[in-house]
Amino acid sequence: MKVLVSAWLCSFIFISAALNIDQFGAISGESAFHVAIKNGEAFNNAVISANTGSDRTVVISAGKTYWMLPAGTLYNLNNLVINIDGTIIAWGGEEGEWPTGPNGHVLDLISIQNTNNLTIQGTGLIEGQGYNWWWKVILTGKDNRPDLLNIGHSQNTLIQGITLKNSPQYHAFLFDMYELIVQDFTVHVDVTDTKDFLEWLPTFPLNTDGIDISGRNVYFRNLTIQNFDDAVAVKPSHTGQYIYTNCTENILIENSNIKYGVGMSIGSVPPNDNLACVQNITIRNINFETPLKAVYIKPNPGTHGQGIISNILYENLTINDALWWAIWIGPQQQDQPGGYSTGCSFLFPLPGYKCPTDPLVTVEFITLKDINIYKGVNSPGVLLCNETNPCTNFLFDNVNVYHRSFFPVPEGYYCSNVQGWAKNSNVYPRCFTKIGEDYPEFLR
Ligand SMILES: *[C@@H]1O[C@H](CO)[C@@H](O)[C@H](O)[C@H]1NC(C)=O
Ligand SMILES: *[C@@H]1O[C@H](CO)[C@@H](O)[C@H](O)[C@H]1NC(C)=O
Ligand SMILES: *[C@@H]1O[C@H](CO)[C@@H](O)[C@H](O)[C@H]1NC(C)=O
Ligand SMILES: *[C@@H]1O[C@H](CO)[C@@H](O)[C@H](O)[C@H]1NC(C)=O
Ligand SMILES: *[C@@H]1O[C@H](CO)[C@@H](O)[C@H](O)[C@H]1NC(C)=O
Ligand SMILES: *[C@@H]1O[C@H](CO)[C@@H](O)[C@H](O)[C@H]1NC(C)=O
């Protein structure tokens, strides 16, 4: 009887207790390369085991720290919960190599695809130790870096509570997501030596986006992001590209705090033969402190195909002390060391520095409502479209610029080839065709 009871207790405990990565050989508190490899395998094995067994929860315990290297993409997960309450540190030592895939690209730290009903949550931290990776790109021009969290082709996903820090590349790269919620989520990039930051501004630490997202029916709220590239970048998708998404659409991002950052961004959107598309995106109730950019809509030039950016609403934004442009709607500014350039110079509009526009991506129905821009060292913004395919149906309603601290720069917007309406605003974009008039009902 005693044996039976304890056997029953045992199986009861086994069923009710979540699967801890320690049960799969993970070792906490040790930073050696072989431990990091082992911890990555333990994490994957715990998830695979949870996905096949009756216990559907994987735990990384609070108070423990695991150095980790990736053990490859996890596929086809259903009805799983991953609780990250401890700390995962992306291994960043000198000996050994970061694992790579068959294409030579380094593997992302956590990589998951084709899931239904996955939750990743907890009070834990994933620390990327990106500093050395960022320098390597700047010094060598070679760019092969991992993301911390890469999830794609998934439906019914919930990500909440966790903090991602100092990713070598993107913090969370989420693509082809259908029905996704991300909430109470933190991204933090430290640049420990501020001199480096000033020297390399605006390319350092480059491409460390907070969240990149493509998909449909997506809700982000209560994000706290401090970084030096897009805080959130809403990426286009095109017909035939993905399982769930032909056009990135129906996304709401709200109630969030951004420090530094290069914008709550749409794009970049390069033209595509199968129509690159982003539509019906709302970004509201956001507080920006010292952003490099805040509103950033960025078509990308291209040689063939088309794109569309339509029905975008930015509402109730506070933009304090912008370090560069509070608003930028125009060709994406990119010029990576040793890399790709769109021709749109970081030094625009200084004499001799251009930002050529491109007609292949249509930009229409863009509303900015209740936006307050305080101080800032530059003109409030740039609105640049091409004369052969002007931007249309823009509305600026109650977009105000206050207490600008530095005046040698022009006060107005740099604006060309935009058809739009402005009202209740203390600075009107001069190129808007209908200023101060009532705008039509079909504009929100
Ligand atoms: C989602 O997964 C969790 C964890 O396994 C489970 O409790 C829940 O019932 C699942 N939801 C649906 C709708 O299947
Ligand atoms: C927002 O998220 C943070 C964690 O990132 C949490 O501490 C805070 O309680 C959340 N606020 C709300 C209103 O949910
Ligand atoms: C995407 O487009 C293809 C081809 O037009 C269509 O068959 C498919 O249903 C579409 N998928 C979604 C998710 O809209
Ligand atoms: C636009 O997106 C919102 C979510 O932000 C959604 O509630 C709404 O139904 C979408 N509109 C259309 C026409 O799909
Ligand atoms: C505007 O956004 C701020 C957060 O930046 C929020 O506190 C405030 O309640 C929002 N106002 C409205 C009317 O939603
Ligand atoms: C508009 O696009 C055309 C075609 O690409 C290009 O030749 C022209 O320079 C562009 N205009 C501006 C103002 O950049």
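Points worth noting:
- Relative to the Cα centre, the charge distribution of the chain, modelled as +1 at Lys and Arg Cβ and -1 at Asp and Glu Cβ, gives a dipole magnitude of about 360 debye.
- For the range 255-271, 3J(HN,Hα) computed residue by residue from phi via the Karplus equation (6.51, -1.76, 1.60; θ = phi - 60°) reads 6, 9, 10, 10, 10, 6, x, 10, x, 8, 9, 10, x, 6, 10, x, x Hz, glycine and proline entered as x.
- Within the range 93-178, the proportion of Cα pairs with more than 21 Å between them is 36 percent.
- In the calculated pair-distance distribution of the chain, the portion above 44 angstrom amounts to 15 percent of the Cα-Cα pairs.
- Rounded to the nearest Hz, the phi-derived 3J(HN,Hα) couplings of the range 311-318 under the Karplus curve 6.51 cos²θ - 1.76 cosθ + 1.60 (θ = phi - 60°) are 6, 10, 10, 10, 9, 6, 10, 10, where x marks glycine and proline.
- Between the range 148-187 and the range 217-286, the Cα center-to-center distance that results, in Å: 12
- Among D370, D55, D209, the largest mean-square fluctuation in a Gaussian network model of the chain, built with springs joining Cα atoms closer than 10 Å, belongs to D55.
- Charge sum, other residues only, whose C-beta stays under 10 Å from F396's C-beta, Lys/Arg counted +1 and Asp/Glu -1: +1
- Ascending count of other beta-carbon atoms within 10 Å, so fewest first, for T248, T163: T163, T248
- Rounded to 5, the percent of DSSP beta bridges in the range 256-444 classed as antiparallel: 5
- Share, in percent, of DSSP beta bridges within the range 290-374 that are antiparallel, nearest 5: 5
- Note on the range 256-444: Rg/Rh from Cα positions, Kirkwood definition for Rh, rounded to two decimals, is 0.94.
- DSSP bridge analysis restricted to the chain gives an antiparallel fraction near 5%, rounded to the nearest 5.
- A simple spin-label model places pseudo-atoms 7 Å from Cα toward Cβ; at E94 and N372 they are separated by 5.3 nm.
- Sorted by Cβ neighbour density within 10 Å, fewest at the top, the residues T367, T290: T290, T367
- Placing a label point 7 Å from the Cα of N398 along the Cα-to-Cβ direction, the residues of the range 231-274 whose backbone N falls under 18 Å from that point are 254-256.
- Amide H contacts of I110 (H built 1.01 Å from N, under 5 Å, at least 5 apart or other chain): L149, N150
- The ranking of M264, M68 from fewest to most other beta carbons within 10 Å of each one's beta carbon is M68, M264.
- Net charge of the neighbourhood of T245, taken over other residues with C-beta under 11 Å away and scored Lys/Arg +1, Asp/Glu -1, is 0.
- In order along the range 291-300, phi translates into HN-Hα couplings of x, 6, 9, 10, 8, 9, 10, 10, x, 10 Hz, rounded to whole numbers, per the Karplus curve 6.51 cos²θ - 1.76 cosθ + 1.60 with θ = phi - 60° and x for Gly and Pro.
- Local electrostatic count, A18, Cβ distance below 15 Å [Lys/Arg +1, Asp/Glu -1]: -1
- Burial order of peptide ranges 347-359, 83-95 (average beta-carbon count within 10 Å, highest first): 83-95, 347-359
Since every read-out is calculated from the coordinates, none of them should be taken as a lab result. Remember, predicted model here, so these are calculated numbers, not experimental data. Cβ sites come from the backbone with ideal geometry, for glycine too, and all protein chains shown count toward neighbours.
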